[in-house]
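Each remark here refers to the structure printed beneath this line.
The values are calculated or read from the model by the stated rules, or taken from the named source; none is laboratory data. For clarity, every value in this text was computed on a predicted model and none was experimentally measured. All Cβ positions, even for glycine, are placed from backbone atoms using ideal geometry, and neighbour counts span all protein chains on display.
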Amino acid sequence: MASLITCPHCGPRPKEEFSIRSDASLTRPAPDADAETWHAYVYLRDNSRGRHREYWHHAAGCRRWLVVERDTQTHVVHSVTDAADATRTRGAA
Amino acid sequence: MAEIVLSHRAALAGVATGRFGAAFDSSRSLTLTALPEGHVLHLLAAPGAVPHAGAITAAGGGTLRAYAPGQWFVVGDERLTASQKAEIAGRLAGVADVVDTSHGRVRMALSGAAVERVLAKGTAVDLAPSAFPVGRSATTLVGHISVQITRTGEQSFELMVLRGFAESLWDELIGMAREFGVEAVGPA
Ligand SMILES: [Zn+2]
């Protein structure tokens, strides 16, 4: 139980309590977008080194979806936000 | 048409009971007890709304336990009648929806001087009394099982788990407590 993720609702918990979904920075294309756009959205990922925004699910805790911002090189976790709050903030920006 | 009679069988009926591990010593050993399958109500609140514990107990409901943002459980040893459940739902109208999950979750109690040390083998949650006072609840993994832990006293906790995991958690807790000695008391 090495890596701790600080859930905004539950406090610090081992990563085993969570399941990771995917990149949280992607924006779903319009339903009538062309096939190439959909292909890129579904399959193509940068696998970059550095800061990442991802959806994490606190599956064994509060069962809320979270947005975790972490560094894939240093393992530093920069922020953990409830996904609903993250969406609201981004929508307002 | 033949009448169907449902008979209740406790989820923990037939589990291992008795003393296990180190010789039982009341100053350090653990007691694991199956709790009555009374009621477990799941409350899903409107955004920002907080159910009032007094309104629930006034209608015959048990204690209110925090589960997740906007969600609580009401648990107690008594089985509730349909009219009691309807009364609780009525008193919470506009505050929270009530879902009866009494059949789906099972509670057990673990107590003893070493109770925090035993539970710390299974969860990373800080169970020190200063961080986790009486009445506090947390949903967390104990080993590989998702469990709601509640401190019910200075040296006692209650664990609530989905029914299908109850036997596994029971066996796991006995294993975790063996070094201190444990007495397991099955359902009445
Ligand atoms: Zn959580």
Exercise for the section: Considering (1) within 16 Å of the ligand (Cβ to nearest atom); (2) touching a residue at least 60 places away in the same chain (Cβ under 8 Å); (3) assigned by TED's automatic domain parsing to the domain that holds B:Gln148; (4) not hydrophobic (A, V, I, L, M, F, W, C), say which one B:Arg65 fails and leave the rest. Expected result: (3)
Exercise for the section: Would you check if B:Glu78 is acidic (Asp, Glu) and either within 14 Å of chain A (Cβ to nearest Cβ) or part of a loop (DSSP other than H, G, I, E, B) (or both)? Expected result: yes
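Hey, any hits in region B:106-119 for a residue that's without any contact (Cβ under 8 Å) to a residue 60 or more places away in the chain and outside the structural domain of B:Gly153 (by TED's automatic domain parsing)? Break it down stepwise before answering.
Narrowing region B:106-119 to residues without any contact (Cβ under 8 Å) to a residue 60 or more places away in the chain: B:116, B:119.
Those still in the list that are outside the structural domain of B:Gly153 (by TED's automatic domain parsing) too: none.
Scanning region B:106-119 turns up no residue that is without any contact (Cβ under 8 Å) to a residue 60 or more places away in the chain and outside the structural domain of B:Gly153 (by TED's automatic domain parsing).
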Exercise for the section: Answer yes or no as to whether B:Gln71 is under 12 Å from the mean Cα position of the chain (by Cα) and either closer than 24 Å to B:Glu172 by Cβ or at pLDDT 95 or above (or both). Expected result: no
Handout entry: Selection from region A:11-46 of residues that are within 16 Å of the ligand (Cβ to nearest atom), at pLDDT 95 or above and among the hydrophobic types (A, V, I, L, M, F, W, C)
Key = A:Phe18
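I need the full set of residues from region A:1-56 which are part of a helix (DSSP H, G or I) and of a type in the set (Lys, Arg), in order please.
Quick first cut of region A:1-56, residues part of a helix (DSSP H, G or I) only: A:15-17, A:35-43.
The answer is A:Lys15, and nothing else.
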Practice task
Quick one: in region B:164-179, of everything that is surrounded by 16 or more Cβ atoms within 10 Å (Cβ to Cβ) and touching a strand residue (DSSP E or B) at 6+ places or on another chain (Cβ under 6 Å), which residue is nearest to B:Ala13 (Cα to Cα)?
Solution key: B:Ala166
Handout entry: Residue that is under 15 Å from B:Asp77 (Cα atoms), at pLDDT 90 or above and among the hydrophobic types (A, V, I, L, M, F, W, C), where the choices are B:Val40, B:Val15
Key = B:Val40
Exercise for the section: Name, by its number, the condition in (1) surrounded by 16 or more Cβ atoms within 10 Å (Cβ to Cβ); (2) at pLDDT 95 or above; (3) more than 14 Å from the chain's Cα centre (by Cα) that does not hold for A:Asp82. Expected result: (3)
Practice task
Filter region B:15-58 down to residues that are in contact (Cβ under 8 Å) with a residue 24 or more places away in the chain and assigned to a loop (DSSP other than H, G, I, E, B), then give me how many there are.
Solution key: 20
Practice task
Read through the list (1) β-branched (Val, Ile, Thr); (2) away from the ligand (no atom under 16 Å from the Cβ); (3) outside the structural domain of B:Pro51 (by TED's automatic domain parsing); (4) closer than 22 Å to B:Leu43 by Cβ, then give the number of the only condition that B:Ile145 fails.
Solution key: (4)
Handout entry: Some residue of region A:18-27 being within 14 Å of chain B (Cβ to nearest Cβ) and surrounded by 14 or more Cβ atoms within 10 Å (Cβ to Cβ)
Key = yes
Completion exercise
Within region B:135-188, residues being touching a Leu at 6+ places or on another chain (Cβ under 8 Å), among the aromatic types (Phe, Trp, Tyr) and over 20 Å from B:Asp77 (Cβ atoms) number 1
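I'd like the residue in region B:91-140 that is of a type in the set (A, V, I, L, M, F, W, C) and part of a strand (DSSP E or B) and, out of all such residues, is nearest to the other protein chains (Cβ to nearest Cβ). Break it down stepwise before answering.
Taking region B:91-140 and keeping what is of a type in the set (A, V, I, L, M, F, W, C), we get B:92-93, B:95-96, B:98-99, B:106, B:108-110, B:113-115, B:118-120, B:124-125, B:127-128, B:131-132, B:134, B:138.
Narrowing further to those that are part of a strand (DSSP E or B): B:96, B:98-99, B:106, B:108-110, B:138.
Details: B:Ala96: 16, B:Val98: 18, B:Val99: 15, B:Val106: 17, B:Met108: 18, B:Ala109: 21, B:Leu110: 19, B:Ala138: 7 Å.
Among those residues, the one meeting the criterion is B:Ala138.
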Problem - Those residues of region A:47-78 which are within 16 Å of the ligand (Cβ to nearest atom), in contact with a helix residue (DSSP H, G or I) (Cβ under 9 Å, 6 or more places away or on another chain) and away from chain B (no Cβ under 14 Å), in sequence order - result: A:Tyr55, A:Trp56, A:Val67
Completion exercise
Among B:Glu179, B:Glu154, B:Glu87, the single one that is among the acidic types (Asp, Glu) and not assigned by TED's automatic domain parsing to the domain that holds B:Leu32 is B:Glu87
